[in-house]
Amino acid sequence: MTLDAFIAGVHAWFAAALPDHGVYALMAFAFIAGLARGFSGFGAALIFVPLGGAIVGPKLISPILLVIDGIASLGMIPPAWRGANRREVFVMAAGAALGVPAGTAILAFLDPLLLRWSITIIAICLLALLVSGWRYHGEASAPLTSGVGLIAGLFSGAAQLGGPPVVAYWLGGKSDFTRVRANVVLYFSISSVFSAISYYFGGLFVPAVFALTVVILPSYAIGLYGGSKLFGLAEERTFRIACYILIAAAAIIGMPLLDGVVR
């Protein structure tokens, strides 16, 4: 095969795999989601999945986020490994090992429109949980920690929305925000492996996932890098409020009733 033939083949593959519209919007959404993820350790799915799902559907957008986040956040893992409470993270990950496959089954078999409405409702409820300021202040235990992991894994498998239950649980403890962020980053690096395995066997890694990953990954990576830098510069409260506003806007605009706004 000649070089020209190879290039022509790659071009044809991208043309067939990419959607007809919305690619630039997905790049913009990915950048904003990366900012939130880089700063707080979570929040990307709450922004990217409702908005991106309005363009390409939830069964495509969740695997895309899984792949781009897994690649772009590799650099966050070493410092998270050093700063996290690894025992707690592994206990929570054990629960996620059961929850993720169940959530993946929901993603694979539930009607796309019903799934989109479910994602919107869940995103709004999880946002309300975060905004309310409620935190778990009881004693941490292995069964409870793994139970939170089970619930978070279910949400992650279905729509990559496992962040808020994990954050609400760990912020209620004695750890400071830096330790919580490290815990969250390390936990999701592990649960993402579970999601990747489940998505593979669920047949969710279609060609469009990888084509859009190539296109979207740079925007997400830039946002992730910027968010990580903001973590050391911005006030936590200010950026947290900004994330809440972005998440709320994403959940509302991502409603099926408002598809014309996104598209």
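Structure summary
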| read-out | value |
| --- | --- |
| Count of segment 80-93 residues which are in a helix (DSSP H, G or I) and open to solvent by less than 60 Å² (accessible area, probe 1.4 Å) | 7 |
| Of all residues making up segment 60-75, the number that are part of a helix (DSSP H, G or I), in contact (Cβ under 8 Å) with a residue 60 or more places away in the chain and open to solvent by less than 20 Å² (accessible area, probe 1.4 Å) | 7 |
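The values are calculated or read from the model by the stated rules, or taken from the named source; none is laboratory data. These numbers were taken from a predicted model, which means no experiment stands behind them. With ideal geometry, Cβ positions are generated from the backbone for all residues, glycine too; neighbour counts draw on all protein chains shown. These area figures cover heavy atoms from the full protein model, side chains too; ligands, DNA and RNA do not enter into them. Shrake-Rupley method; radii C 1.70, N 1.55, O 1.52, S 1.80 Å.
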